[in-house]
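Here is the structure we will look at.
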Amino acid sequence: MGVLKRDFLPNDLAPLLSSVDFGGSIAVQARQSIEETGWLLDLANQHELIRGVVGWVDLRSTELDAQLSKYSPHSKFRGVRHVVQDEPDDNFLFRPDVRRGIKQLRAFNLTYDLLIFPRQLPAAITLVETMTEQPFVLDHLAKPAIRDKQLEPWKTQIERLAQWQNVSCKLSGMVTEAVHGKWQAQEFHRYLDVVISAFGTHRVMIGSDWPVCTLSGDYSSVLGIVTDYIKQFSTEEQMAILGGNCARFYGI
């Protein structure tokens, strides 16, 4: 993990975005910290390339309404995420206090990013079934077992999750689930096939997972997995996956 032990800031990202003809991106939280949310929004004020921020708030706190009221006036505060993949309880998303917190996001017009492992997909499915008006996006395809070349039960669960039209999926995070630095783009195609078949081209969006992706590949090569794969689709569909769907989902 040594490659990640330094600061990664907007000025580091800017030339990478430019190299692949992207004009901006969504900054997504990494720490379970209110202070980080404020810091990301401060960065967004300073850098046009940050088009929106998905921050962290304490969904289980009795102070949640105050936290949301504090940040929601910021035009670039677009959503919330909790690092559920690190929670020992696989049913964390369906805990009463967590569900109560997520329900409050709708009143503030905020999205929710699902950062989970495949073992937490059943709880995610149950959650979205009970909140059909809340916009959700699944991060990193729920990190399927690419290294072990497994599809099930992930495939079936992805298909169940995608039945709900308020759920989208980010095409990202795949290279860190493969053998680091030794992957071939083709090994991700069977997983992308599943997601596109389930969600369609109108509910998926490209993501980089930068800087974490640098554990297993350079920025351009990581994005190239998706940009090359989607050449099979129409120009309109490609543009949607490469930005339009993201802009619509986050309201930017």
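Where a number appears in this text, it was derived from the coordinates with a stated rule and is not lab data. These figures come from a predicted structure and were not determined experimentally. Cβ sites come from the backbone with ideal geometry, for glycine too, and all protein chains shown count toward neighbours.
Compute the length gained on full extension between ASP90 and LEU4: take 0.36 nm times their separation in residues and subtract their Cα-Cα distance, giving the result in nm to one decimal. Kindly include the intermediate steps, with their values, before the conclusion.
Details: separation 86, 0.36 × 86 = 30.96 nm, distance 2.71 nm.
Full extension of this stretch gives 28.2 nm more.
Here r is the Cβ-Cβ distance between ARG119 and GLU159 and R0 is 25 Å; the resulting FRET efficiency, rounded to 0.05, is 0.90. Annotation: extensible slack from LEU43 through ARG99 equals 17.2 nm (criterion: 0.36 nm per residue apart, minus Cα-Cα distance).
For LYS231, a cut-off of 30 angstrom between C-alpha atoms picks up these lysines, skipping any fewer than 8 places away in its own chain: LYS143, LYS149, LYS155, LYS170, LYS182.
If R0 equals 22 Å, the separation of the Cβ atoms of VAL179 and PHE22 corresponds to a calculated FRET efficiency of about 0.20.
Using just the C-alpha positions of segment 77-206 as equal point scatterers, what log10 of I(q)/I(0) does the Debye formula give at each q in 0.09, 0.19, 0.21 1/Å? Summing over Cα pairs of segment 77-206 leads to -0.24, -1.06, -1.27. Highest mobility in the GNM of the chain, judged by mean-square fluctuation with C-alpha springs under 10 Å and restricted to TRP39, TRP183, TRP210, is found for TRP39. Rounded to whole Å, the principal axis extents of the Cα atoms in the chain read 47, 40, 39, largest first. If Lys and Arg each add +1 and Asp and Glu each add -1, what is the summed charge of the other residues whose beta carbon sits under 10 Å from the beta carbon of LEU114? In short, 0. The residue list VAL84, GLN32, VAL3 was ranked by how far each Cα lies along the charge dipole of segment 1-120 toward its positive end, using unit charges on Cβ atoms, and VAL84 comes out on top.
Taking the square roots of five times each eigenvalue of the Cα gyration tensor of segment 196-252, the equivalent ellipsoid has semi-axes of 21, 14, 10 Å, listed largest first. Residues SER25, SER69, ranked from the fewest to the most other C-beta atoms within 10 Å, line up as SER69, SER25.
Here segment 118-159 yields Rg over Rh of 1.01, to two decimals, using C-alpha coordinates and the Kirkwood radius. By the count of neighbouring beta-carbon atoms within 10 Å, fewest first, THR126, THR176 end up ordered THR126, THR176.
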